[in-house]
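Colleague: Quick one: structure below, then a few questions.
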Amino acid sequence: MIKSTKDKDDPAGVHEVSLKSKSEKPNLDGDRLNIFLLILLYTIQGFPIGISTALPLILQSKEMVTYKDQAAFSMALWPYSIKLLWAPIIDALYINSIGRRKSWLLPLQILMGITFFYMAINMDNWLPEKGKPNLEMIVRLIFLINFLSATQDIAVDGWSLSVLKKKNVSYASLCPSIGVPIGMFLGSVCFTLLVSEQFNVKYLGTATGKGGIITMKSFFNICAVFIFMVTTFIGFFKKEKHTMEDGHKKISVFQNYKLLWDILKLPRIRVLTLALLTIKIGFTVMETIPNLKLIDAGVPKDDIMMITSVMYAIKFFFPMFICKYVTSSKPMSYHLKMTPVRLIWGIVLCTFVYYTPSLIKKNGIVTIPAYYYVILGFVSLVNEMLSLFLMLTLLAFFCKISDPHFGGTYMTLYNTFYFLGWLIPNTFVLKLIDLLTFNECSNDSLNTCYTNDLKNLCENNGGTCGIYVDGYYVAVFICTTLGFIWYFSFKNILKEYQLVELYHWMVHGKQLSTDEVNEPCIISSA
């Protein structure tokens, strides 16, 4: 039966918070399998995200879409930004005999597997080698699978706070930093290269017309089988524990939404919300768009993915080297220290994109020298490391101020605002670039080449349409400026917030004594 207890005599008012000693030290004995399982679950989450980043590159390389179309495609990731709307339902409703989190993980992952099978059957028709793609159906299916993945993320985030021993919960923030990149690597780099005929011909020496190493159908089928295997293991061999909920009263869906509303009414949460909704405004233009600009300049998408694969190999081990910063008592301080560094590096990346055409073209022919790939690899590596460091320290801060009794709601609340802070600017910037980019016919300055008819008219008169104002560089200036404004506006506020005692972030807790503290995800190693 559905576990949705509601005691009329016990309102969703005050719930006593269990405490743990600050002196407990992490020890992975007995939790290694649980950490491995969490990494697998986060890997599954990475599949749809990776595919969502790979398909725009494939479409851009085939010159099938505009930046306006890319903006529409970016909305396929929006479920990660609106999952807060149904997070309280995931936290409150479950089948007791199955488990609070398993009740959602099992059906969600089964539906994800079925969706991948459906995509395997139809993707060749939706995205043919020649001809116009069925962008509408692709966006719909990617949106659906991201919706399922985002909902699974709610359950996994909540489970990560309870499946581990209390003294090991500091490792909860590291599991997604390992698992999600693995899934994204498989869904983006492996997907792009394995199905690419150009990669097969260039690097493996096969004959033209043989296609990629595997087809899109085979790749999606492999994803489905992997998801079903993990789901089967969880369903039959993993029992769910409720160690973090001992003595805690369950609340109904209504009470959970009331809890969410009470959390949002906290003064610090409102300020934090504003900070998270604008935290990525300075970085959005340097994350996805540079690769699109490089493809436009003539750099093959397969070469970009080869370099990206090296980035992932390094990123897999990167969290191990910054563990002391992530698990420190002041992760937000490290986050803020590196924020201006990444903003400045965005200018470096923009400069590199600007000079790319002159570096790789001779007499109008693309000839990419070896040193260009070295520079591209270095610039991309620094950018990715800075991005990952900022994300990990921010996730650690989220864990630090989350009540484990309502972990799914708290973590989803923070993550939702964080993803909104990336997705909204990302969609806006793509449209802004399209809006601020101005073209001109080479032999008719009055022809703006804005429509297909004007482009055809220019070509029929022996001219070519070229860009004389590139909206990308205008967007870089605007976003970088806004990024520094954000930094100086929230720097001192966020530094202060990480020093606030946990009970100030809780709506159902009581004030703790000075010698006791409950830090759900972070145990200081400093």
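Colleague: Just to be sure I understand the filter: pairs with C-beta atoms under 7 Å, separated by 6 or more residues or on different chains, first member in the stretch 134-145 and farther than 11 Å from Met119 by Cβ, second member assigned to a helix (DSSP H, G or I) and open to solvent by 40 Å² or more (accessible area, probe 1.4 Å). Which pairs pass?
Modeller: Going by the 7 Å Cβ cut-off, the qualifying pairs are Leu135/Asp69; Val139/Ala72.
Colleague: Would you please name the residue that is nearest to Pro340 (Cα to Cα), looking only at residues in the stretch 358-386 that are over 22 Å from the mean Cα position of the chain (by Cα) and among the β-branched types (Val, Ile, Thr)?
Modeller: Selected residue: Ile375.
Colleague: Got a number for residues in the stretch 116-141 being open to solvent by 10 Å² or more (accessible area, probe 1.4 Å) and under 23 Å from the mean Cα position of the chain (by Cα)?
Modeller: 6
Colleague: Out of the helices (runs of 4 or more DSSP H) lying entirely within the stretch 254-353, which hold 3 or more residues that are in contact with a strand residue (DSSP E or B) (Cβ under 6 Å, 6 or more places away or on another chain) and closer than 24 Å to Ile467 by Cβ?
Modeller: none
Colleague: Residues of the stretch 435-481 being outside any strand (DSSP E or B), in contact with a Gly (Cβ under 7 Å, 6 or more places away or on another chain) and surrounded by fewer than 17 Cβ atoms within 10 Å (Cβ to Cβ), which ones?
Modeller: Leu435, Leu436, Ser442, Asn443
Colleague: OK, next. Show the residue pairs meeting these rules: Cβ distance below 6 Å; 6+ apart or different chains; first residue within the stretch 285-307 and of a type in the set (S, T, N, Q); second residue assigned to a helix (DSSP H, G or I).
Modeller: Partner pairs satisfying both residue conditions: Asn291/Ile304.
Colleague: Do we have any residue at all in the stretch 126-133 that's on the phi < 0 side of the Ramachandran plot, modelled with pLDDT of 80 or more and acidic (Asp, Glu)?
Modeller: no
Colleague: If Thr412 satisfies every condition in (1) at pLDDT 80 or above; (2) open to solvent by less than 10 Å² (accessible area, probe 1.4 Å) but one, which is the exception?
Modeller: With respect to (1) at pLDDT 80 or above; (2) open to solvent by less than 10 Å² (accessible area, probe 1.4 Å), Thr412 is out only on (1).
Colleague: Can we say Glu501 is at negative phi, at pLDDT below 75, surrounded by 12 or more Cβ atoms within 10 Å (Cβ to Cβ) and not hydrophobic (A, V, I, L, M, F, W, C)?
Modeller: no
Colleague: For Ala172, state whether it is in contact with a Phe, Trp or Tyr (Cβ under 7 Å, 6 or more places away or on another chain) and either modelled with pLDDT of 80 or more or buried (at least 21 other Cβ atoms within 10 Å of the Cβ) (or both).
Modeller: no
Colleague: Can I ask one more? Check whether at least one residue in the stretch 331-354 is within 20 Å of Leu57 (Cα to Cα), modelled with pLDDT of 80 or more, of a type in the set (A, V, I, L, M) and open to solvent by less than 20 Å² (accessible area, probe 1.4 Å), and report yes or no.
Modeller: yes
Colleague: Additional query: Regarding Gly282, is this residue open to solvent by less than 50 Å² (accessible area, probe 1.4 Å) and either at positive phi or free of Cβ contacts under 8 Å to residues at least 40 places away in the same chain (or both)?
Modeller: no
Colleague: At positive phi and either in a helix (DSSP H, G or I) or at pLDDT below 65 (or both), is that true of Gly235?
Modeller: Judged against the criteria, Gly235 is not a match.
The values are calculated or read from the model by the stated rules, or taken from the named source; none is laboratory data. As the structure is a prediction and not an experimental result, all values here were calculated from the model. When we count neighbours, we look across all protein chains shown, and the Cβ atoms used for this are built from the backbone with ideal geometry, even at glycine. Keep in mind that these areas ignore ligands, DNA and RNA; they rest on the heavy atoms of the full protein, side chains included. Shrake-Rupley method; radii C 1.70, N 1.55, O 1.52, S 1.80 Å.
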